[in-house]
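Beneath this line is the structure, given in structure tokens, with notes to follow.
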Amino acid sequence: MAKKPVSFTLNGSPRSAFTDEGANLLDFLRRGVGDLSPKYGCGQGTCGACTVTIDGELHLACLTLAETIEGRAVGTAAGLAKGATLDPLQEAFMDHFAAQCGYCTPGMLVAARALLDRDPRPTREAVIEAISGNLCRCTGYEPIIQAILSVAEGGGRR
Amino acid sequence: MTTVETYPTLADAARALGPDAAYLAGGTLLMRELNAGRAAARIIRTTDPSLAQIRSTGDTVTLGAAVTMARILNERDLDFLHPVARRVGGPQVRNMATVAGNLFAPHPYGDLTTALLALGARVVMAGQGSPRPLDDLLRDRDRAGLVAAIELPRPRDPRSFGFLKVSRVHPKGASVLAIAALLPREGGRIRGARVALGAMGPHPLRSAAIERVLDGQNLDAATIDRAAAVAAEGLDPPTDALASAWYRKTVLGVHVKRLLERMGQG
């Protein structure tokens, strides 16, 4: 299978790697680049476990052709913590028991971060809408919603 | 084994298309096939910037083929489509899924197409002169070619257009069914009703039965009841994991009534 070079930025750092022709971005990030934070759930765009940002917009890595990110900026959950300092959302997910098996967590965090960057004081309804593309099959959604609202300025507009 | 061919213009991509090739737009449909090992041997795509344009001339809005659902939601000018675009997928899918891709979405997808059908959209095909009515394109969409843009007459009165989607999961869920209605009124009476149904057939369909009942009438309780009563006439909807054909036919009238009552109050 032909290999194609791809240059892009990953969580702010310039990266270059080869992708297999026809490979999706999720495979490319995990196997080609070594960022294991986006997860493979369904491969159909249903579960949101592979959620990343491309140029700041939420996308599903499993439904993105890897070579199309040439020259673009990709963000993953691995980029949320700054060194040993966790993103406030990561702290809140721990405090609110918003992760159980943890498989949906990176996608949830990326979706929640995108929401708070756009709207620092979301309503509960806006939080529900923002994570509607991400499935969780163990904690139930309530602890996740509470965790996100706790990070929102002033605890969100309830 | 899959090869990916990227072309600078839509015309080049259209020329490269063949029976062994599939066109990649937003990826929300084709990448599923690719991940499952079912995609065509050749994937064709284009970086043509004209496909992302939105233009307004008089009462017509022209949406480039690659305009996404999220983009529609960011355009104040397209507010009549917001209730539709908001019900497509979740936030990630809305950032990726394109208006032209939606025209080719298999059952039960295609909510936007249902709305476009009611609104009387025409489709500009790559390399073809005059646009095709969407009704016409949907009948042979498997061998239609590449879409350049969708031309949409803006409803003169935004209240004359209504959309209702029924899904088992909220806020994100695929359609049990969807209904879109354009009911322009003259002196209170409906003239030129266009009603489209989603997930009630192999692709979104016009409902001649409902349109016949509504045309020339006031949107009163008796007319709404008659429209609801004939709604499922002649339909043969698919059975899938979301609903059986029997269920879809049985509840369609209930939801037609709810939509028409809402529009009657508006």
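Each value in this text was obtained by applying a stated rule to the coordinates, not by laboratory testing. This structure is a prediction, so every number in the text was calculated from the model and none was measured. Note: ideal-geometry Cβ built from the backbone for every residue, glycine included; neighbour counts use all protein chains shown.
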Checklist outcome for this item: If each K or R counts +1 and each D or E counts -1, the residues other than B:LEU134 whose Cβ falls under 11 Å of its Cβ total +3
Checklist entry - Lysine pairs in the protein assembly as shown 8 or more apart or on different chains: how many have alpha carbons under 24 angstrom apart? => result 9
Checklist entry - How far is it, in nm, from the label point at B:ASP236 to the one at A:ALA81 when both lie 7 Å from their Cα along the line to the Cβ? => result 5.8 nm
Checklist entry - Each label point is 7 Å from the Cα along the Cα-to-Cβ direction; what then is the distance between the points at B:ARG191 and B:HIS82, in nm? => result 3.0 nm
Item to check | Helix B:245-265 axis, angle to chain B major axis (alpha carbon atoms, nearest 10°) | outcome: 70 degrees
Checklist entry - So in the protein assembly as shown, what percent of DSSP beta bridges are antiparallel if you round to the nearest 5? => result 80 percent
Checklist entry - Once you list every other residue whose beta carbon is under 13 Å from the beta carbon of B:ARG212, what net charge do they have if Lys and Arg are +1 and Asp and Glu are -1? => result 0
Checklist entry - So, in Å, what gap is there between the alpha-carbon centers of the stretch B:37-56 and the stretch A:34-54? => result 22 Å
Checklist entry - How many nm is it between the label spots at A:GLU125 and B:ASP225, if each spot is 7 Å from the Cα in line with the beta carbon? => result 3.4 nm
Item to check | Within the protein assembly as shown: Cβ-based charge dipole about Cα centre, in debye rounded to nearest 20 (Lys, Arg +1; Asp, Glu -1) | outcome: 560 debye
Checklist entry - Going by a ≥ b ≥ c, the root eigenvalues of the Cα gyration tensor, does the protein assembly as shown fall in the rounded group (a/c under 1.5), the prolate group (a/b larger than b/c) or the oblate group? => result oblate
Item to check | Additional length obtainable on full extension of the chain from B:ARG159 to B:THR57, 0.36 nm per residue less Cα span | outcome: 34.6 nm
Item to check | Within 10 Å of each Cβ in B:33-44, the average number of Cβ atoms from other chains | outcome: 2
Next on the checklist: Just want to confirm a number: the relative contact order over the stretch A:91-144, from Cα pairs under 8 angstrom separated by 6+ residues, in percent.
Outcome noted: 56 percent
Next on the checklist: Ranking request for peptides B:187-198, B:210-221, B:230-241: highest mean number of other beta-carbon atoms within 10 Å first, then the rest in descending order.
Outcome noted: B:187-198, B:210-221, B:230-241
